[in-house]
Each structure stands twice: as structure tokens, then as C-alpha cells.
Amino acid sequence: MTTTTWITLKDGVAAARNGGNGDGVFVEGHGVRVSIRPAGTAIVDAILGLAPPGGDEERFAGTVLDSGGPEALASWYYAIERLERRGLLARSVVADDRPVASLVPMTTTLAITAGVVVPTAGRRYRLSRFAFLRREGETLVVESPRSSVRIVLHDPAAAVILGGLAAWSDRSELLILAAGLPSGAADGVLKLLADAGMLEANDDPSRAEGNRLHDAPAEWWEFHDLVFHARSRRGRCDYPFGATYRMAGRAALPPPVREKPPGETILLPSPDPDRLLREDPPLFRVVEARRSERTYGNRPMNLEQLGEFLYRVARVRGEQAVTLETPAGPVPTDFVTRPYPSGGALYELEFYAVVNACDGLGPGLYYYEPRGHALVALRGRTVEVEGLLRDAAGSAAIPRETVQVLLIVTARVPRLAWKYSAMAYALVLKHVGVVYQTMYLAATAMGLAPCALGGGDSDLFARASGIDIHAETSVGEFLLGGRAQATTEDEAGQGGPQEPEPQPEPQPDPDLHP
């Protein structure tokens, strides 16, 4: 079998002669246009010949050399380099006219990263810890958040090489593993992985223990963090991004508020907005006084305070019918407004209260119904509810029995995913951030003790609530209680906004306790 390297224009890219200029050609696609001129007939014909399926790289070079000589060959290599830099050219390892693996650029910036040179005797290689294998359609692809190209594995036998690269391996060991591939194909696949920046070499100076942390900032990143960062923003991949309305025409947009669950409904007292406008402390004072508090007063907060807090933070302020224009046609739907901002005004977040101690409210898990400003009792003091309180206390490093109210923020991710591609979950986390700040400011203005937590157990919440974790999942946790410095009867739990004491100096504030 004969193994060769083919080059071709990436899908969606086309080449054409410059109008009125027979010695020039342009290549255009994905918002990029590269003009190659002046160029002789040999180069023009060769570039036009790069249209899929392309052809043998060496054969192209030989044809240009025969037709135009060494000067034309140099111009050809320069033109190919320009096309590669702009992400317009793909390379494939081909055995007997059947592709084994391809390197495909995902962006129009520098597409091929400088990699280690393979194969070389005495060198050992392993896969970058950021590289990952997954299914895309009916093929396997290898990607890395550090690379702007992907490797497409057309032959399943090529995936065996990746298994061998889990540990340091030399070329001979990898060739034994890849015995099912045509002769020379394994070397070609290794070269593609190296060009994609997905291989490490054991004699690379940057891999030395003393250099890794100081000279390679990527070493500080967790795998999942870097993948999430690269795939939820533009610039490193070519997947659909933003308001694509990807589920329009396939499924209905989930409602702006979840269906009210069955259970006892407890109407919450609503504060007088005029009183809040008249008596609330100034915003600057609230922002300056805001801090995380994990100690509480002798008396727990009460139902009136919890009602006012949820009214300030999470209630539905208004609702309207809207018709969205989507690629699949107009979609009539309902939208709501709430006190915090939300991308696309979709408001996918929901709020739950896990009560341990609150005057006027029994222990258990409650759903906040934001249209009617009410709590719906879901569970009593079950094992799972106790687990949520215990987990929150551990996150805040406080005794379990001191917890008063744990607020859990959940996200109905399908509400965002209906419209947004790639960025839906990243948008959820942005929303949790603005909700945390809204909670802090509301609690501070009311004289309560707030504390955002850095993490929680989504599976435990799913068991406690009985909600499908893929339909709605917990994404934030927030402790709330009466302030420890409360001394008067009113401060100890009788409700109403309390003006916090001014803070003359900034206080240490480990907001998100691990």
C-alpha cells in the first residue's frame, strides 16, 4: 500500500481566477479572502486543483516544478503557507486513495501549531493532557483547547495510536500497536498530531520539571476549565456560537417559569415598595458594607424577612407575550422580567429554600413560586434535605446546627440552549454571578447575614427534589440568616429593612468559601 499526504481546500472554501488577470488567483471562505498575485499559470492551475478532494502534496509540487521551474516552486510553497496560516487548507494522510486521518483548521487564524518533529529515533512521545477524543457525526475527532485545528480519524484503527500515547512511547512501540494501519500511515498520523500541537516529547526542555510551572501557563489550568473556556467563546473553534436558535422548529421554547409543583402553598408577605424606596440605605453604603457572614444571631430570621428577600431578588415583576423571529420562522412565546439581568431576557434560573430554622416556617425544601410570590412545600426533613444542609455547612466551615436558610439556585438549561449554541452554560454561570451580587446587596440592605458558597452537590439536589438533572440542575448555593450582632428585638428577627453600620475600613471577605 502507498501512503501519501494530500492537501485540499477546507469545506466551504473556494478558489477562482482573479477577474481580468490570468496570472492571479484568490482563495475565499469563512470570511477570509487571500489573493495570490502575480502567479504563473502553473501556480494558478495548482491552486485551482486544491478544490476537494485535492491531491497528493508531492505531486502538486512536482507539477509546479516541471511547469514553472524552481522560482515557481518557491512561490508555490509560499502560497501554501499563506493558505495554512489563514486556516483555509486541510491535510490528510491517504492510503491507496482512502483517507486515514485529516488535520482540519477550525479558525482563520494560525491553524497549525509548531509541534515536535516525528518520527525521530530515541524520542518518546505522549498525548497532551488537554487532547481529547470524541464522536462528531459518524467519525472520531481529536481536539484540544490549546489548538485551533482538529484531527479527524477516518480509519478507526488510527484511534489505537492514541491509546499508545497515554504513556511515554517511542515510534517502534506505536508502530506495533498500529499494525492494522497501512504502511507509513502511523507515521503520518503522528505527524498530524504533532503539527496540531497535541504531542509532548520527553526531551522537550519546556517539559522539564523546573520549567513547567514558570514557563508554561497552561500547566496551571485544569483540563475541564480550559476546554470549557475555549468552547464557550469565539476564537478557538468553528462550532456554532451565540443566538443560533438551534432548537427552533424542533422543540418548543420552555416556559419562562417552571410549572408550579404540587404541594402546600405558603403565601409570602410582600414589602411596601414605597417604604423600601424611602428607608433603604444608600447604594454606596450597602456596597461598602457588603461582606460574607457565617455567624448568626440568637434568633433565626423569620418568614417576613425571607419573603422580603425573595421579593427583592427573584420575583416576577412583569410578563408579556412576544413573537421571536427565528431561522425556522416566528415563534410566539412569553417573557418575564425579574430584578436581576438575564441574557436574552430568558430567565432560566429558579430558586429553592432549604429551611433549617426560620420563624413561621417549618424545616424542609421549598420552591419559590415567583409569579405568586409564594413558597411551595416539596419535602420535609428527609435524609436528602439533611444532606443539603450538611453539605452547605461543610462548604462554609460552620456547624450544621447553626444553618438557618440555604437558598439553592437552579438552571433550566434547555430554556437557554433552545436559543444559544456553545455559550448556554457559560451564560448560566454569568447569571448566577449577578444573582449572587443581588442577593448580597439585598441581604446587606436588610441587615441579614449572607454568604455565597463556592459549590454544591447537584446530584443530591436532584434526589432531594425529584427533578431530572438535565432538565433543571442546581448551579448555586447561598446561606442566609439573622446577623450575629443583632441586639434589639427588631434586629433579632422582626423584619423590615435595617440600615447596616458604615464600615470605616474594608473587612476581609472570603466570599466563596471552598
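Can you say whether S92 is on the phi < 0 side of the Ramachandran plot, buried (at least 22 other Cβ atoms within 10 Å of the Cβ), assigned to a loop (DSSP other than H, G, I, E, B) and modelled with pLDDT of 90 or more, as far as the supplied structure shows? It is false that S92 is on the phi < 0 side of the Ramachandran plot, buried (at least 22 other Cβ atoms within 10 Å of the Cβ), assigned to a loop (DSSP other than H, G, I, E, B) and modelled with pLDDT of 90 or more.
Exactly one residue among A16, A79 is surrounded by fewer than 18 Cβ atoms within 10 Å (Cβ to Cβ) and in contact with a helix residue (DSSP H, G or I) (Cβ under 9 Å, 6 or more places away or on another chain), and that residue is A16. Checked against the criterion of being touching a residue at least 60 places away in the same chain (Cβ under 8 Å), in the same structural domain as R338 (by TED's automatic domain parsing), part of a strand (DSSP E or B) and within 26 Å of E401 (Cα to Cα), region 428-446 has no qualifying residue. Within region 337-364, residues that are closer than 17 Å to V385 by Cβ and without any contact (Cβ under 8 Å) to a residue 40 or more places away in the chain reach partners that are assigned to a loop (DSSP other than H, G, I, E, B) and β-branched (V, I, T) with beta carbons closer than 9 Å, at six or more positions or on different chains, in the pairs G364/T382.
Restricting region 401-429 to residues that are farther than 18 Å from S458 by Cβ and out of contact with any Leu (no Cβ under 6 Å at 6 or more places or on another chain) leaves a set whose member that is surrounded by the most Cβ atoms within 10 Å (Cβ to Cβ) is Y420. Tell me whether region 377-398 contains one or more residues that are among the polar types (S, T, N, Q), touching a residue at least 12 places away in the same chain (Cβ under 8 Å) and surrounded by fewer than 22 Cβ atoms within 10 Å (Cβ to Cβ). Yes. Within the option set P363, P327, P370, being within 30 Å of M247 (Cβ to Cβ) and surrounded by 15 or more Cβ atoms within 10 Å (Cβ to Cβ) holds for one residue only, P370.
No other residue among L453, L448 is in contact with a His (Cβ under 9 Å, 6 or more places away or on another chain), under 22 Å from Y367 (Cβ atoms), surrounded by 23 or more Cβ atoms within 10 Å (Cβ to Cβ) and not small (G, A, S) apart from L453. Note on region 107-219: enclosed helices (runs of 4 or more DSSP H) holding 1 or more residues that are modelled with pLDDT of 90 or more are 159-164, 171-177, 185-195. Inspect region 256-267 for any residue being of a type in the set (D, E, K, R) and surrounded by 13 or more Cβ atoms within 10 Å (Cβ to Cβ) and give the result as yes or no. So far as region 256-267 goes, yes, one or more of its residues are of a type in the set (D, E, K, R) and surrounded by 13 or more Cβ atoms within 10 Å (Cβ to Cβ).
Among residues of region 347-374 being part of a loop (DSSP other than H, G, I, E, B) and of a type in the set (D, E, K, R), the one that is nearest to R463 (Cα to Cα) is E348. Check region 55-69 and report whether any residue there is in a strand (DSSP E or B) and not assigned by TED's automatic domain parsing to the domain that holds L190. Checked region 55-69: at least one residue is in a strand (DSSP E or B) and not assigned by TED's automatic domain parsing to the domain that holds L190. For region 320-356, the set of residues classified as among the small types (G, A, S) and on the phi > 0 side of the Ramachandran plot consists of G329, G344, A345, listed by residue number.
The values are calculated or read from the model by the stated rules, or taken from the named source; none is laboratory data. On a predicted model such as this, the values are computed, not experimentally measured, just so you know. FYI the Cβ positions are ideal-geometry reconstructions off the backbone, even for glycines, and counts take in every protein chain you see.
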